[in-house]
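Have a look at the structure below before the remarks.
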Amino acid sequence: MLADRRLVEKTPRQGYVVKQLNLTEIHELYDVRLALEAYIMEQVCKTGLDEATLTALEQRWIKLQEALPEMIVDPVSVDETFHDVLARAVGNRAMMDMLRGIDDRIRFVRTFDITNADRLAATCEQHLEILEAIRRRDAAKAVAVLRRNLEGGRIQAESAVKEALANAHAIYG
């Protein structure tokens, strides 16, 4: 399963090796994620989101925002759930599978995304802006805020990966 998700590399007659971090691949995965989620935003804005789901998402992010500076235990899972709910609303199973596959492959680097109260505050604000844009069926606004949200995550993850690689190089030379 890990090999199928490209998290480990299989070498015949030798076994498995954890795949090394690759910034180019990470950027490519974030690009694909952005393309998929931009389409999702456009479709959700076109068809709307049922009021109960919209309200539940808003309440969840308002609650997180009000609890700041307290951090939540697993911000990556909470964030993935937000995006997953929106993808499910579109009803395109292939798209949902692709998004989940990308999430599986970048989850490790995403753990370096929402690591402090300032980043969580920005994420809360951006998610609430996205939900407001969906409520108004403003696809352009939803996509613009989504882009800001994903780019912030990409920058955080890239910085963390670069730091980890530099530290590994310093230790293992």
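The values are calculated or read from the model by the stated rules, or taken from the named source; none is laboratory data. Predicted, not measured: the structure shown is a model, and the values here were computed from it. So basically every Cβ, Gly included, is an ideal-geometry build from the backbone, and we count neighbours across all protein chains shown.
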Exclusive hit being at pLDDT 90 or above and exposed (fewer than 15 other Cβ atoms within 10 Å of the Cβ), set Ala87, Ala94: Ala94
Evaluate the following for Glu80: is it more than 19 Å from Leu36 (Cα to Cα) and either acidic (Asp, Glu) or not in a helix (DSSP H, G or I) (or both)? no
Take the range 107-137 and flag every residue that is buried (at least 17 other Cβ atoms within 10 Å of the Cβ), of a type in the set (D, E, K, R) and in a loop (DSSP other than H, G, I, E, B). Asp113
Kindly evaluate Thr53 against the criterion of being part of a helix (DSSP H, G or I), at pLDDT below 95 and among the β-branched types (Val, Ile, Thr). no
Quick one: in the range 61-91, of everything that is of a type outside the set (Val, Ile, Thr), in contact (Cβ under 8 Å) with a residue 12 or more places away in the chain and out of contact with any helix residue (DSSP H, G or I) (no Cβ under 7 Å at 6 or more places or on another chain), which residue is farthest from Lys141 (Cα to Cα)? Glu70
The number of residues in the range 23-46 that are surrounded by fewer than 12 Cβ atoms within 10 Å (Cβ to Cβ) and modelled with pLDDT under 95 is 1
Of the conditions (1) in contact (Cβ under 8 Å) with a residue 12 or more places away in the chain; (2) part of a helix (DSSP H, G or I); (3) surrounded by fewer than 17 Cβ atoms within 10 Å (Cβ to Cβ), the single one that Ala166 does not satisfy is (1)
How about the range 76-99: which of its residues are farther than 21 Å from Leu54 by Cβ and more than 10 Å from the chain's Cα centre (by Cα)? Arg93, Ala94, Asp97, Met98
So which of Ile102, Ile134 ends up being of a type in the set (Val, Ile, Thr) and farther than 19 Å from Val32 by Cβ? Ile134
Being touching a helix residue (DSSP H, G or I) at 6+ places or on another chain (Cβ under 6 Å) and free of Cβ contacts under 8 Å to residues at least 40 places away in the same chain is the filter here; which residues of the range 92-102 pass it? Met96
